[in-house]
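Beneath this line is the structure, given in structure tokens, with notes to follow.
What follows is calculated from the coordinates using simple rules that are stated; it is not laboratory data. Keep in mind it's a predicted model, so treat the numbers as computed, not measured. Here the Cβ positions follow ideal geometry from the backbone for every residue, glycine too, while neighbour counts run over all protein chains shown.
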Amino acid sequence: MKKFPISAPDEQIRPLLVSKINNLTKPKGSLGRLEELALQIGLIQQTLSPTLRHPQNIIFAADHGIVAEGVSVSPKEITWQQIYNFLQGGAGVNFLCRQHGFKLKIVDAGVDYDLPYERGIINRKVRRGTANFLHEAAMTEEEMERCLEYGAEVVKQCQEEGSNVLSFGEMGIGNTSASSMWMHCLTDIPLAECVGAGAGLDREGVNHKLHVLRQALDHYHSDGSPRDIIRYFGGLEMVMAVGAMLQAASLGMIILVDGFIMTNCMLAASKLCPEVLHYAIFCHCGDEAGHRLVLNALGAKPILHLSLRLGEGTGAICAYPIIDSAVRMINEMDSFANASITKYF
């Protein structure tokens, strides 16, 4: 298995960061979450003057064999069709990237379609979609390793381009089913509480989805380790995102965590290397059933709750201005001493 050398940020700088934040010209704690974010980012970057450079949003895309069981209201071809929409600039993630200055990267992790790579899509296709985990493992050990490696490679490229903050998104019809399986198996939250409407299933559809996933769980007879759960039920794009998150943490980068699927990718990453959580900023809580529960299981405190359930990295990018405000606060606000203001708390 690929190793990711991740360590928790050195805590020696914490008192200095806390002192700087507390001595800005404001009542102590009055900027609330901005102060918490500034402290976390300062710890990640090991500096009293953190920066955000060249933010990028990476979308990993792949198809899922479990879609054959009718667990999604959307047909499989939506995966590749939406990628064309990304290329044309007409998707939800596109306007947000334009608005907030993010570069968008699209990675084919396993789409069952011949995509136009000449248009800038990064080709890391491991296979043309996962196997149907109702009947067999979604991927082999070797395929899982390749996903982790490829995800890490894309992050290294982003760092070479000057990025120190990344958000991750996904495109893959059926990936809420894979995420629900990871969530249940890695947290022991009852499966019924992990399964939701995905792209828009009605109550009957959600019940059918739950029935299929319960059958898949009954058919699973492997060792139950986090690594095996990730391989057996995961999506190619999801495992690639796990590798990307672990690589970003090992490079000391800020990881902006998006919605239900990416939160479960961070859950999976944390089961492989718990220290990755120090580098994660959880950006929003969406409306997919179970998202709040998995955030709670991670001890995460999301920045936004906008009833989003699109994925693609949209919630993470929406939260970015708040993260930028936290960095501007610690860098641009004056101190009591420098402004010759008496502390008033």
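Summary table
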{"item": "Peptides ranked, highest mean first, by Cβ atoms within 10 Å: ranges 6-17, 63-74, 207-218, 189-200", "result": "63-74, 189-200, 207-218, 6-17"}
{"item": "For VAL165, residues with placed amide H under 5 Å, excluding near neighbours", "result": "ARG53, GLN56, ILE254"}
{"item": "Vicinal HN-Hα couplings computed from phi for the range 121-130 (Karplus, 6.51 cos²θ - 1.76 cosθ + 1.60; Hz; Gly/Pro x)", "result": "5, 7, 8, 10, 5, 7, 6, 8, x, 6"}
{"item": "Overall form of the range 56-328 per C-alpha gyration tensor (a/c, 1.5; a/b vs b/c)", "result": "rounded"}
{"item": "Positive-pole candidate from LEU306, GLY196, VAL71, dipole of the range 56-328, charges at beta carbon", "result": "LEU306"}
{"item": "By average C-beta atoms within 10 angstrom, highest first, the peptides 248-259, 279-290, 124-135", "result": "248-259, 279-290, 124-135"}
{"item": "Bridge type composition, the chain - antiparallel percent by DSSP, nearest 5", "result": "5 percent"}
{"item": "Alpha-carbon centroids, the range 146-176 and the range 64-87: separation in whole Å", "result": "20 Å"}
